[in-house]
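Reading through the structure tokens given below for one structure.
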Amino acid sequence: MADLAGSFGRSQPPPQPLSRTSFPRRLHEQAPNLTQIIGALIEDGVFLLLAGVAITGVFLVFVFFIPLVLITSPIWIPVFILVFLAVAGFLSLCGFCAVAAAVLYWTYSRLRGQRRPGSDRLDHDRIRAKIRDVAPGA
């Protein structure tokens with residue numbers, strides 16, 4: 001058994017019994033000192049102050065700009081509709097141009113006689129299928 005434990009690397013040391021004073025002593029050693037506590041309180045206070053300023057700013061923006069948006073909404077709604085239609089038209093035009101380019105490329109390569117590898121096999125299969133339709137026994 002000792003041979004097996006040695007083959008996996010270092011053997012683990014036997015567990016040491018815990019004394020009654022070890023936990024409080026470890027807790028006292030890891031406890032933060034006064035300067036760390038004061039630093040954490042100052043840091044947390046700054047973060048709370050910044051969060052309060054941000055939330056107050058968002059609230060004030062809503063209070064002052066929502067009436068402005070509501071008053072000018074007769075202008076904004078047609079503008080948004082026109083922008084939406086312009087973007088949709090442009091994207092549709094791009095799609096139609098891509099399809100037209102693909103069709104022109106396919107037509108050009110077909111007229112020049114350039115075919116994909118294996119297309120002769122497809123033509124052969126079509127001809128055999130037509131022969132079977134015309135003459136079922138062939």
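Residue ranking by accessible heavy-atom surface, 1.4 Å probe, largest first, among 76, 106 comes out as 106, 76.
Quick check on region 22-103: take the gyration tensor over C-alpha atoms, sort the square-rooted eigenvalues as a ≥ b ≥ c, and tell me if it's rounded (a/c under 1.5), prolate or oblate. Because a/c hits 1.5 or more and a/b fails to exceed b/c, region 22-103 counts as oblate. For residue 110, the accessible area of its heavy atoms, probed at 1.4 Å with every protein chain present, is near 110 square angstrom. Annotation: residue 79 carries an accessible surface of approximately 60 Å², with a 1.4 Å probe and no ligand, DNA or RNA atoms counted.
The values are calculated or read from the model by the stated rules, or taken from the named source; none is laboratory data. Keep in mind the model is a prediction, meaning the values are calculated, not measured. The accessibility values were calculated without ligands, DNA or RNA, using every heavy atom of the protein model including side chains. Shrake-Rupley method; radii C 1.70, N 1.55, O 1.52, S 1.80 Å.
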